[in-house]
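Peer 1: Quick one: this structure, given as structure tokens, is what I'll be asking you about.
Here, each number is a calculation from the coordinates, and none is a lab measurement. Fair warning: this is a prediction, and the values are worked out from it, not measured in the lab. A quick note on method: Cβ atoms are made from the backbone with ideal geometry, for glycine too, and the neighbour counts reach across all protein chains shown.
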Amino acid sequence: MRVIKFVTGVPVTASRNASLTSSGRGYCVKAIMNLGGNTNAAAFVLNVVDTFGARAVFYLKKLEEEKMKKLVWVVLAVVVTIGLTGCGKGGSAKENETLVVGTLPTPHGEILEHVKPLLEEQGVTLELTNFDDYILPNKALADGEVDVNYFQHKPFFKKAVEENDYDFADVGAVHVEPMGFYSKKLKNIQDLADGATIITSNSVSDWGRILTILQEADLITIKDGVDLETASFEDIDQNPKKLTFDHSIDPALLATTYNNEEGDLVAINANFAYGIGLNPVKDALLLENDNSPYGNILAVRSEDAEDPRVQKLIDVLHEDEVQAWILNKWGGSVKPVDQ
């Protein structure tokens, strides 16, 4: 518990429910200066954000972007009010700590909603921030807007860290969503004609898994010595059907591409396939096999890798009952991972 003095000068007791990194503290000082504050104002704000963590940073970021100087103290008052509401009855010593997770609605968000009550029992309140693309969740993590993100597979994570110099850690995989090829024009993969067009993601980290599926279906071969996890379309050796590849589409738009009957086959990430009512196990003409290395992981800033809240989350997600629920919920088309 901490005692702070808000704008009125009245002492207020509040509990710390979210940690703030050194980079987050630096951001807050910069934000207040940009909003016309001085060093005294910055010191006051740091006192608030030390108490209420990531939520205060989030509101300051919005204020700075919109240059809404007059509202800064109002919003800070709201942040304090939110924090006080979370303090419960009389400042109990067993207050739940909030963990903010950036995620995709399906299946990630549904899995997290399922484990919310289990984490509440362990003193952690999950707060979900939903995204609908693959870029913003990592940016939000780097900017301190979320504590954890859960949306990406390992190769995507590795590439994002390398390209953006993120200081992130992978704290464990939760599930695999098999990549599938779907068609509005074909009922069986045997009907795929010579010269057919295959539309795929423009996400380079997906290309290896796409090419692996095609090679396992005997539609192409990859040059000897190429690591399949990092293979690109230039690594195709033999293409007996002279298939044409369009790999220019954003992953989030592939479901629309499929519904518009573009191309002959469309490779769609499972989470987007679920969004339009497709079941990978039942509807895909080609499906990734069970030994896929593309487990969807929990990612954190490296400094938070040992955060007890994060450890509780990954432990709950690996519980046998939770993994059985995942298998049952999606009929085996989302496969839990226990490490």
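Peer 1: What are the semi-axes of the equivalent ellipsoid of region 180-287, taken as the square roots of 5 times the eigenvalues of the Cα gyration tensor, listed largest first and rounded to whole Å? Walk me through the intermediate numbers first.
Peer 2: Values: eigenvalues 88, 49, 30 Å².
Those come to 21, 16, 12 Å.
Peer 1: Relative to the present Cα-Cα distance, how much length would full extension add between Gln122 and Asp250 at 0.36 nm per residue of separation?
Peer 2: Going from the current span to full extension adds 42.2 nm.
Peer 1: Oh, and also: Structure shown: which of Lys116/Lys139; Lys187/Lys242; Lys185/Lys329; Lys154/Lys187; Lys116/Lys329; Lys184/Lys282 lie over 22 Å apart, alpha-carbon to alpha-carbon?
Peer 2: Lys116/Lys139; Lys185/Lys329; Lys154/Lys187, as the Cα separations exceed 22 Å there.
Peer 1: Antiparallel as a % of all DSSP beta bridges within region 180-287, to the nearest 5?
Peer 2: That works out to approximately 55 percent antiparallel.
Peer 1: Additional query: Just order 143-152, 259-268, 115-124 by mean Cβ neighbour count inside 10 Å, highest at the front, would you?
Peer 2: In descending order of packing, they fall as 143-152, 259-268, 115-124.
Peer 1: Around Val124, which amide H atoms from residues at least 5 apart in sequence, or from another chain, sit under 5 Å from its own amide H, with H modelled in the peptide plane?
Peer 2: Amide H neighbours of Val124: Glu97.
Peer 1: Using 11 Å as the cut-off for backbone N distance, which residues of region 238-274 belong to the label zone defined by a point 7 Å from the Cα of Ala193 along Cα→Cβ?
Peer 2: Answer for this model: 264.
Peer 1: What percent do you get for the relative contact order of region 180-287 when only Cα pairs under 8 Å and 6+ apart count?
Peer 2: It rounds to 46 percent for region 180-287.
Peer 1: For region 180-287, with only Lys/Arg (+1) and Asp/Glu (-1) charged at the beta-carbon, what is the dipole magnitude about the Cα centre, in debye rounded to 20? Mind dumping the intermediate values first?
Peer 2: Working: 8 positive and 17 negative charges, 85 e Å.
Computed charge dipole of region 180-287: roughly 400 debye.
Peer 1: Also, I was wondering about something else. Taking the Cβ of Pro107 as the center, what net charge do the other residues with Cβ under 9 Å away carry, scoring Lys and Arg +1 and Asp and Glu -1?
Peer 2: In short, -1.
Peer 1: Give the distance, in whole Å, between the Cα centre of region 302-338 and the Cα centre of region 180-232.
Peer 2: The two parts, judged by their Cα centres, are 30 Å apart.
Peer 1: More than 16 angstrom separation, counting every C-alpha pair in region 279-339; what % is that? Mind showing how you got there, number by number?
Peer 2: Numbers: 1033 of 1830 pairs.
It works out to 56 percent of all Cα pairs.
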